[in-house]
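Colleague: Dropping a structure here in structure tokens format, bear with me for questions.
What follows draws every value from the coordinates through simple rules; no lab data is involved. Owing to the predicted nature of the structure, the values given are computational and were not obtained by experimental measurement. Backbone-built Cβ (ideal geometry, glycine too); neighbour counts: all protein chains shown.
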Amino acid sequence: MNENSMKNICLLTNDVETTSIVNGGLRTETGIKVWKEGMPRLLELYARYDAKATFFFIADFAKDFPEIVKMIQPYGHEVACHGYTHDHRQAFDVMSLEEQVKHLSDAKKILEDISGEEVISFRAPALRVNEFTPQALVETGFKIDSSVAPQRIDMFMSLGSKKKLAWLKAPRTPYFVDDENLARRGDLQLLEVPVSSFAVPYIGTFMRIAPSINALTRRLLYLETRNTVKPINFLIHPNELIEEENLQLKTERRAGNVVSYLLSDVLRRRLKQKNLGLKARDLYEKEIFYWRRKNYKFQTMKDLLTNQSIL
Ligand SMILES: [Zn+2]
């Protein structure tokens, strides 16, 4: 690992999808708002700080609205893959190797056809992966994964939590992965770039739910990364930067039992609605401003690998 190339780097990573935070579930109407409002707000913000970022697109959404991919390209941002669909019934942790390979190759082709660029970076929807994911990614030509968040304690707050316990032991700096476990070091030619966390995840959702705790996380991460080779990897969604009407739809029940349903589906959805839209943008600008003031460089995932000179 070329250690110097990882120093003072901040990766601003964006998961582009049709998930409605206010109404729950995947909605085309939300996707259109993401395209028309969320994306322009992000692009404007990044341009103001001359920041290069990475956008992970859901491919079936990009296929319907290819402009959402093309609009980032003039800025030099990276086109990356967030899977074929965000449908939780087809999450990567419930798919076989063959199914994952099919999803990944279809998604990669769609995004490459739209962008004319090679797509090499991946993040699994809801960060759900299993033992087949490393091999499926390598087989389909991906070189970077960002589906692991070390030392992040989700428990009841997210789906697939039991499997995510493996994250507690995952390395905190970028590493090449094990062929059966993205959360473990190995010699597969797939670079894992973990999402930053310090017990709590360093992501848009948490930034909005608890801005003051997030400010502490940010400070701790700064101290941690100042003398190490760990890049900052902040995860946000353009659907956090839109305002949507609450259509009073019922929360879709995804969790199996009642307790888990109340904790993870109902509570989660309520909390997640804090500080959306322009408020999210203003909070996010504070994050970007902080790293800019500390002289961190905003670059893409692909840049990180290129600078390792192994591409
Ligand atoms: Zn997602």
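Colleague: Would you pull out the residues with amide H under 5 Å of Ile242's amide H, same chain only if 5 or more places away, H placed 1.01 Å from N?
Modeller: Those lying under 5 Å, H to H, from Ile242 are Gly277.
Colleague: Right, another one. Quick one: P(r) of the chain from all Cα-Cα pairs, 10 Å bins, percents rounded to integers, in order of increasing distance.
Modeller: Each 10 Å bin holds this share of Cα pairs: 6, 29, 39, 23, 2, 0.
Colleague: Could you list, in their original order, any pairs among Lys102/Lys286; Lys52/Lys274; Lys70/Lys302; Lys33/Lys109 whose Cα atoms are separated by more than 29 Å?
Modeller: Exceeds cut-off: Lys102/Lys286.
Colleague: Can you tell me which of 201-211, 61-71 comes out highest on packing, and rank the rest after it, using the mean Cβ neighbours within 10 Å? Provide the component values of the computation, followed by the final result.
Modeller: Working: 201-211: 21.4, 61-71: 18.6.
With the highest mean Cβ count within 10 Å placed first, the list reads 201-211, 61-71.
Colleague: A follow-up question, please. Whole-Hz ³J(HN,Hα) for each residue in the stretch 4-17, computed from phi via Karplus 6.51 cos²θ - 1.76 cosθ + 1.60 with θ = phi - 60°, x for glycine and proline: what do you get?
Modeller: 4, 6, 9, 7, 6, 10, 10, 9, 9, 10, 10, 9, 9, 8
Colleague: About its Cα centre, how strong a charge dipole does the chain have in debye, to the nearest 20, once Lys and Arg get +1 and Asp and Glu get -1 at the Cβ?
Modeller: Values: 45 positive and 40 negative charges, 299 e Å.
The dipole of the chain has a size of about 1440 debye.
Colleague: On to the next question. Mind ordering 285-292, 123-130, 170-177, 241-248 by average Cβ neighbours within 10 Å, highest first? Spell out each step's value before the answer.
Modeller: On the way: 285-292: 16.9, 123-130: 23.6, 170-177: 19.0, 241-248: 14.6.
The packing order, highest mean first, is 123-130, 170-177, 285-292, 241-248.
Colleague: Right, another one. Please report, in debye to the nearest 20, how large the charge dipole of the stretch 32-151 is about its Cα centre when each Lys and Arg carries +1 at its beta carbon and each Asp and Glu carries -1 there. Can you show the working numbers first?
Modeller: Details: 14 positive and 19 negative charges, 77 e Å.
I would put it at about 380 debye.
Colleague: Amide H neighbours of Ser197 under 5 Å, counting only residues 5+ apart in sequence or on other chains, H built in-plane at 1.01 Å?
Modeller: Tyr202
Colleague: Given the DSSP H assignment, sum -39500 (n - 2.57) over each helix run of at least 4 residues in the chain and divide by its residue total; what's the result at 222 nm in deg cm²/dmol, nearest 500? If you can, show how the numbers build up before the last one.
Modeller: Details: 12 runs with 104 residues, N = 311.
Taking each H run of at least 4 residues, the total per residue is -9500 deg cm²/dmol.
Colleague: Here is a further query. Which of Gly277, Val94, Gln299 sits farthest toward the positive end of the charge dipole of the chain, with +1 on the Cβ of Lys and Arg and -1 on the Cβ of Asp and Glu?
Modeller: Selected residue: Gly277.
Colleague: Would you work out which of Val229, Ser146, Ala215 lies farthest towards the positive end of the dipole of the chain? Charges go on Cβ: Lys and Arg +1, Asp and Glu -1.
Modeller: Toward the positive end, the furthest listed residue is Ala215.
Colleague: So which aspartates and glutamates can Lys272 reach, going by Cα to Cα under 12 Å and dropping same-chain residues fewer than 8 places off?
Modeller: Here the aspartates and glutamates satisfying the reach criterion relative to Lys272 are Glu240.
Colleague: For Lys7, list the aspartates and glutamates whose Cα falls under 17 Å from its own Cα; do not include residues on the same chain fewer than 8 positions away.
Modeller: Glu192, Glu224, Asp303
Colleague: Further question on the same structure: So for each of 295-305, 266-276 I average, over its residues, the number of other beta carbons within 10 Å; can you give me the resulting order with the highest mean first? Before the final figure, lay out each step's value.
Modeller: Working: 295-305: 19.7, 266-276: 15.8.
Result, highest mean first: 295-305, 266-276.
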